[in-house]
Every structure is written in structure tokens, then in C-alpha cells.
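Colleague: Structure provided below as C-alpha cells; questions to follow.
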Amino acid sequence: MTTTLIWPLRYPVAPLAVWVAAAMLLLAVPAAATPPEPPPVPLPQAQAQSEDGPDAQPHTEMEPEAAGDAPPGDADDGDAALASPRQTVTALLEAMPDAMRGIEAPWQRVLATLYPAAVDDFEPEALRQRAEQLHGVLQRLGEAALEQVPDAATVEQRGQTVYTMLSPDMGRYAWMWERLGHGPDGRIELLRDDAGQWHFSRRTLDEVPALYASVRDLPPGGADDEAPPVAGEGEVEEAVAGVGEFGSMLTNTLENTRWWQWLALLGLIFAGLLTGKLLQTVLRSFARRLHDKHWDVRATIFDDAAGPANLVLLTVGLTAGLRFIYLDEPLAAFSWQVTGLLLTIATGWFLFNLVDLVDLGLRKLTAGRDGTMERMIVPLIRKTLRIFLVIMFALVIADTFFGVNVTAWIAGLGIAGLAVSLAAQDSIKNLFGSLTVLTDRPFAVGDMITFNGSTGMVEEIGFRSTKMRLFTGAVVTIPNMKFIDGVVENVTRRQAIRRNMNITVTYDTPPHKIDQALDILRGIMAQEQVAAPFDLENRPPRIFFNEFNADSLNLLVVYWYILDPDKGQDWWAYNAHAEMVNKQVLSAFNESGIDFAFPTQTLYLAGDPERQLTIRFEGDGSHPTHTPAALPAHRADPPDRD
């Protein structure tokens, strides 16, 4: 038991073997379901008998006794000749010309093609006339119509007991409308008796006079002859004919398929779906075990094959179920096209998933090296391969299943290349922008950058755009062409963070307090805890009284915080360090009585003992030396000047 379970884990070819077996089964099903192509049914040479030329011997009426001149064994093989609708139609077409000349043995073979219970209901002459009319209708349908009549293997496979060869609503005979302006007025129907023999039904014999009258103007050969154009023919008529043909084929399917055959189709589809889900679960379970054992390549193969294997088994179940359903030739061909399309999609899906192996191999090659290659180049290669596979399988499907002339379409791309290039200028610029990012490497995935005033982390670099997540949580998508002539600031790659710290004090701070403030700042910068992330030899802190602002005296402190991820000195550590410095400056200045300035305007008010306001009155020459306690609430207008 252990060996059985471990075997598929050891050999990664196991899912491929399952894949090949499923494909062989799918190919075997239509091979078994599709009967061998019968040879074309030749039309009777009735016309050739009258066109043998002037030297041909005239045909003479033969007495019934001359039936013995017929080829031996024809009468004995009558039952075997009626084992399918095709054989019954062929038997009537071959025997009727001689029967019309009065030969008894061929006439008996014609009678054998008619339903026995209906033969006795007609007078001999009326029965002969209806048989001749039926023969005339069959001649006018042509070989193309006769080749679609099912043979013994097909009706046995489908379990048919009724076959409708012609009816007024059959879309396949839309050419009758084109030539006659109307459709057939009647139907040709064959029934299977208890002995397994096929005969033209009583309904066919009842309707054949009107049917023959409606198609009598058609020449022998029917659709095989080139039909003259019909005035007013257009797309609407073709669409109506197509809808009518589909409705007729659907009606035939519903009439000739028994209830147990529908159940068989439903059961096989369900079985394919169930087994596919089980196989998918088993393959993914194996993949998880292999991942736990670090067998990544084998685990990837099993995991990639899980989904497509489910689709393959569902397709096999659908194909097997369709064997039980009666389908006209166009519907049968369409069903094989659908199953082939599903198998092609499953194969493309599997190959699409297998790109993960390339991705895995490239990641292993770049492991331990610069992570930029893994984060930037590997995703681009993975996307390129998958886009290539999607395009290739789309072309294969278009050519194989939809009849698209792919060669002409690809050739047309060269003609339309100029128009496409003009319409896709931005896309081409974005492509070159991505190449610029990959070659110049101004940033990589995971870097913090500033671009156009926005700062964030680079999450993805694609062919068309780059995605950057801002610190607000939003994702910004930037077209790659913007990086060609734009300015990108790579915050991650800076070696240190320079802080320009402006400390402002009030204008009434005396000089000795300014010197004290500078000493306090130099002492803080010299502390071991504060100076730990500094490069004191190359970039020592700089402290100056550097500016007279409009409302303050400015003290400048400049220091460089060295970034070192190995020591935990990153952006967030820098902010914690700045907080520590700010707290020490605030405490030291408060203890020393040094006031911080802020944007203000100083108003000198009378009565302020610290800021005396001197007032001089003009006109009397007096100069008061005292300051009033307060300004009056209102004062008189100044005296008029001469």
C-alpha cells in the first residue's frame, strides 16, 4: 500500500501519463462512435439507359417469367438489403428502373421497401404509381442528400426506430426554396419493424403524390446541380434557412432519442465531472505532500495538471454520453468540434500552468544573488511566455475550429502595422519605458521612491505600467513612459537621512542666552546615545546661529542619520531618533529659560512697565518724560495745522 501511494510521488511523469491516457480515451471514443464512411450512393442510371446512342439495342418488355434472368441471389438477399435507412433507399433507387420496365423481380424488391401493412391498402396500379413518384422525388434530392442517410452501424448505435429523410421544415433543403420558391409539400419517413428491417412508412405513401407534384420541376440530381441565382436572395433568407435547419435537426434529435439515452448522457456527464473533481483533489493532495518534502518541481507539475485533468475527464464523459444521442450529421460534426475544442483548451491550460516550472527554475538560478532579478525580470519572463502561449493557442483554435485563415490574417498584420503603430504610440512608449526601467534600474520592486510629488513603495513593474503603494494605502499606477524623461527619487538607496533642524528663539533673547542655546545643542549632539547613528569623522553635526528671521532668531542644526538595515537603522528608527532629540532640546531650553519663537507681532501698549511708550506732543515744544497709564478710549481730533 505504501509503495502504491509513493509511486506517483516519486515520478513526476505520472500526471503526464494520466493526461496521455485521457487523450487516447477521448480519441478512441469518437473512433468507436463514428461509423465508417460509406461509399457514395450512386443514382440509378435511368437516364443513361435512354442515352446509349444510336447503336444501342432497344429495351424490350419482359414477361414475368423473365424474372429468372435476374442475377441469382437478389431475391434471397432482400432482408439483408433493408437493414438500414440507407440500404432501403438504395434498394428502391436501384430496383425501380427495371421495375418500371415491367420486370417482376425488381418490382418485388421495390415492394419490400414499402411498409408491409400499407401495401395491401392500395390498388396495384395506384401503388406502382406512388412508388414511381417516390423514386422521382429521391432522384431529385441528389447524392449529397442520400449520403446523409444513416447506415446500419449508425442507427444501431443511436437506437433509432424512425428516420425522417425529408420534411417541409428541414433547413438542409433550403435550396428547394431558392429554385422553386416554395418547400416540399410532404415528407419521406422510414420505420423499423420488429425484424430490424426498414421500410417507407404509410404516411410517406399517402403524401408522396403531393410531394412529387411540389418538386417535379426540379431536375434529377437536386442540389448536386448548380442552382441559378434567385432574385431577392440575401442574408435574411440564409438566416431563416439556418434557423429552420437547426430546428429540424433538434426536432429529429428529440423524436429519435429515448428517455434512457438522455439519462445515459446525463449520467456520463456527471460521472466525468465527479471523477474529474476526485482526480483534481488527489493531484493537489500529492502536490502538497511534495511541497512538504521540498520537491518543488514535481509538486508544481501535479498542481498544474489538477485543473486541466478535471476538464479532460469532463470532456471524456460528455463525448461518451453523446454516443447515446441521435444527432444529424451537422450536429454530430458540431459535437465532435466541441469536444475537440475542450480538449485543446485543456491542453493549452496545462501548458499555460507549466510556465510555473520556468518561473521556479529562474528563481532558483537567481537565489542568493541580487533580489532585483527575481523581483523584476522573472515576472516579466513569466508573463511573456504566458502571453505567447495564449496567442498561439488562440490562433490554433481559430484555424482548426472556426475556419479562420490565420496565414492571411498574419500577413494582413504587416499591412496594418503602420496604423497599429500610430494607434498604439502610448503602448509602445510604455514598452520602451519598461525596458528603460529594467536596464537603467532606477528602482526595483520593494524600493521606496518619490515621483511627481508622491512617495510610496514599488509593488510591481509591468510591461505597461508600474504600481506604487502610497503610505495612505492607495495604489498609484504610473505609465512606464513617464519614467523616460521624469525625475525619480529613490529613497531606499540613500545612504543617510540629512535633517535640517531650525530652532527659533525670540528677538528679546540676549546674546549670552544665544551662546547658551548653542552650547546646549552641541552637548545634545555629542551624547553617545544621540551620536550613535552618526558618521562623526566624515559627517559631523553642524550647529550655527545662521539667520535673523522676520519674527525670530534662527539656530540651525544639521546632522546625518546613517541608514544601516543590519543595525536596524531605517526610516522608522530615524523618526524615533528625531523624537528623542526633540525632547532633549525642549527640556534643556525650558530649564535654561530660553523662549521659543513663533510667528507673532509685538505691540507696544501704554502702561506696560517693561516696554515704556514715549509720547511727544507737537506745537508747544513740550517733551513729557512720563508715560500715561493707559491710552484713552477715544481721543479728540488733532488740532488743525496752519
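The values are calculated or read from the model by the stated rules, or taken from the named source; none is laboratory data. A quick note: this is a predicted structure, and the numbers were derived from the prediction, not measured. Backbone-built Cβ (ideal geometry, glycine too); neighbour counts: all protein chains shown. Note: areas computed on protein heavy atoms with side chains; ligands, DNA, RNA excluded. Shrake-Rupley method; radii C 1.70, N 1.55, O 1.52, S 1.80 Å.
Colleague: Test ALA517 against the criterion of being in a helix (DSSP H, G or I), open to solvent by less than 90 Å² (accessible area, probe 1.4 Å) and among the small types (Gly, Ala, Ser), and give yes or no.
Modeller: Details: in a helix (DSSP H, G or I): yes; open to solvent by less than 90 Å² (accessible area, probe 1.4 Å): yes; among the small types (Gly, Ala, Ser): yes.
Taking the combined requirement at face value, the residue satisfies it.
Colleague: Something else: Would you check which residues across the range 65-94 are at pLDDT below 55, out of contact with any Pro (no Cβ under 9 Å at 6 or more places or on another chain) and open to solvent by 40 Å² or more (accessible area, probe 1.4 Å) and list them? Outline the logic, then answer.
Modeller: As a first pass, look at the range 65-94 and keep what is at pLDDT below 55: 65-79.
Within this subset, residues satisfying the condition of being out of contact with any Pro (no Cβ under 9 Å at 6 or more places or on another chain) are 65-66, 68-69, 71-73, 75-79.
Across the range 65-94, the qualifying residues are GLU65, GLY68, ASP69, PRO71, PRO72, ALA75, ASP76, ASP77, ASP79.
Colleague: Of the numbered conditions (1) acidic (Asp, Glu); (2) in contact (Cβ under 8 Å) with a residue 40 or more places away in the chain; (3) outside any loop (DSSP other than H, G, I, E, B), GLU189 satisfies every one except a single condition; which is it?
Modeller: (2)
Colleague: Scan the range 588-598 and give yes if some residue there is loosely packed, with under 15 Cβ neighbours inside 10 Å, out of contact with any helix residue (DSSP H, G or I) (no Cβ under 7 Å at 6 or more places or on another chain) and in a helix (DSSP H, G or I), otherwise no.
Modeller: Checked against the condition, which is being loosely packed, with under 15 Cβ neighbours inside 10 Å, out of contact with any helix residue (DSSP H, G or I) (no Cβ under 7 Å at 6 or more places or on another chain) and in a helix (DSSP H, G or I), the range 588-598 yields at least one hit.
Colleague: Still on this structure: Given the condition out of contact with any Phe, Trp or Tyr (no Cβ under 7 Å at 6 or more places or on another chain), of a type outside the set (Phe, Trp, Tyr), modelled with pLDDT of 95 or more and not in a loop (DSSP other than H, G, I, E, B), answer yes or no: does some residue in the range 556-568 qualify?
Modeller: yes
Colleague: Please go through (1) in contact with a Phe, Trp or Tyr (Cβ under 9 Å, 6 or more places away or on another chain); (2) within 30 Å of LEU555 (Cβ to Cβ); (3) open to solvent by 50 Å² or more (accessible area, probe 1.4 Å) for ARG493 and return the number of the only condition it doesn't satisfy.
Modeller: (2)
Colleague: Any residue in the range 516-543 that's over 16 Å from LEU586 (Cα atoms): show its pairings with residues that are aromatic (Phe, Trp, Tyr) and not in a helix (DSSP H, G or I) at Cβ separation under 6 Å, as long as the two are six or more apart or on different chains.
Modeller: Matching pairs, first to second residue: PRO533/TYR561; ARG539/TRP560; PRO541/TYR559.
Colleague: Just to check your reading of the model, which residue among ARG494, ARG498, ARG539 is within 30 Å of SER434 (Cα to Cα) and at pLDDT below 95?
Modeller: The unique qualifying residue is ARG494.
Colleague: Taking the range 179-198 as the search range and keeping residues that are open to solvent by less than 10 Å² (accessible area, probe 1.4 Å) and over 23 Å from ASP217 (Cα atoms), which one is farthest from the chain's Cα centre (by Cα)?
Modeller: Checked the range 179-198; the qualifying residue farthest from the chain's Cα centre (by Cα) is TRP198.
Colleague: When the range 306-318 is examined, which residues are found to be in contact with a Leu (Cβ under 6 Å, 6 or more places away or on another chain) and open to solvent by less than 20 Å² (accessible area, probe 1.4 Å)?
Modeller: ALA306, ALA309, THR315, VAL316, GLY317
Colleague: Please specify each residue of the range 464-497 satisfying the condition of being part of a loop (DSSP other than H, G, I, E, B) and either out of contact with any Lys or Arg (no Cβ under 7 Å at 6 or more places or on another chain) or of a type in the set (Ser, Thr, Tyr) (or both).
Modeller: Selection gives ARG464, PHE471, THR472, GLY473, ALA474, GLY486, VAL487, VAL491, THR492, ARG493, ARG494, GLN495.
Colleague: With PRO97, PRO168 as the choices, which residue is surrounded by fewer than 21 Cβ atoms within 10 Å (Cβ to Cβ) and either basic (Lys, Arg) or assigned to a helix (DSSP H, G or I) (or both)?
Modeller: Exactly one residue qualifies, and that residue is PRO97.
Colleague: Could you check how many residues of the range 590-616 are at pLDDT 90 or above and in contact with a strand residue (DSSP E or B) (Cβ under 7 Å, 6 or more places away or on another chain)?
Modeller: So the count comes out to 3.
Colleague: Related question: Of the conditions (1) in a helix (DSSP H, G or I); (2) modelled with pLDDT of 95 or more; (3) of a type in the set (A, V, I, L, M), VAL530 fails just one. Which one is it?
Modeller: (2)
Colleague: May I ask you to list the residues in the range 451-488 that are of a type in the set (Ser, Thr, Tyr), open to solvent by 40 Å² or more (accessible area, probe 1.4 Å) and under 31 Å from the mean Cα position of the chain (by Cα)?
Modeller: Within the range 451-488, THR477 is the sole residue that qualifies.
Colleague: Tell me which residues, restricted to the range 440-450, are open to solvent by 20 Å² or more (accessible area, probe 1.4 Å) and over 33 Å from the mean Cα position of the chain (by Cα).
Modeller: Result: ASP440, PRO442, MET448, THR450.
Colleague: While we're here: Is it the case, given these coordinates, that ASP566 is open to solvent by 70 Å² or more (accessible area, probe 1.4 Å) and of a type in the set (Asp, Glu)?
Modeller: The answer is yes for ASP566.
Colleague: Taking THR154, is it within 24 Å of ASP194 (Cα to Cα) and touching a Ser or Thr at 6+ places or on another chain (Cβ under 7 Å)?
Modeller: no
Colleague: To continue, here is another question. Testing ARG158 on (1) open to solvent by 50 Å² or more (accessible area, probe 1.4 Å); (2) under 30 Å from LEU265 (Cα atoms), one condition comes back false. Which one is that?
Modeller: Tallying (1) open to solvent by 50 Å² or more (accessible area, probe 1.4 Å); (2) under 30 Å from LEU265 (Cα atoms), ARG158 fails exactly one: (1).
Colleague: Restricting the range 117-165 to residues that are at pLDDT 85 or above, in a loop (DSSP other than H, G, I, E, B) and not β-branched (Val, Ile, Thr), which is farthest from LEU322 (Cα to Cα)?
Modeller: Filtering the range 117-165 for residues that are at pLDDT 85 or above, in a loop (DSSP other than H, G, I, E, B) and not β-branched (Val, Ile, Thr), the one farthest from LEU322 (Cα to Cα) comes out as GLU123.
Colleague: May I ask you to say which residue of VAL208, VAL230, VAL243, VAL236 is modelled with pLDDT of 85 or more, at negative phi and either open to solvent by 40 Å² or more (accessible area, probe 1.4 Å) or hydrophobic (A, V, I, L, M, F, W, C) (or both)? Before the answer, list the steps.
Modeller: On the way: VAL230 fails: modelled with pLDDT of 85 or more; VAL243 fails: modelled with pLDDT of 85 or more; VAL236 fails: modelled with pLDDT of 85 or more.
Matching residue, one of VAL208, VAL230, VAL243, VAL236: VAL208.
Colleague: Take PHE548 and decide whether it is open to solvent by 30 Å² or more (accessible area, probe 1.4 Å), hydrophobic (A, V, I, L, M, F, W, C) and over 29 Å from LYS567 (Cβ atoms).
Modeller: yes
Rundown of residues vs (1) modelled with pLDDT under 70; (2) farther than 18 Å from LEU354 by Cα; (3) open to solvent by 70 Å² or more (accessible area, probe 1.4 Å), yes/no style:
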| site | (1), (2), (3) |
| --- | --- |
| ARG386 | no, no, no |
| ILE391 | no, no, yes |
| ALA398 | no, yes, no |
| GLY403 | no, yes, no |
| GLY417 | yes, yes, no |
| LEU438 | no, yes, no |
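Colleague: Out of LEU327, LEU331, LEU380, which single residue is outside any helix (DSSP H, G or I), at pLDDT below 85 and open to solvent by less than 40 Å² (accessible area, probe 1.4 Å)? Reasoning before the result, please.
Modeller: Working: LEU331 fails: outside any helix (DSSP H, G or I); LEU380 fails: outside any helix (DSSP H, G or I).
One residue alone meets the criteria, LEU327.
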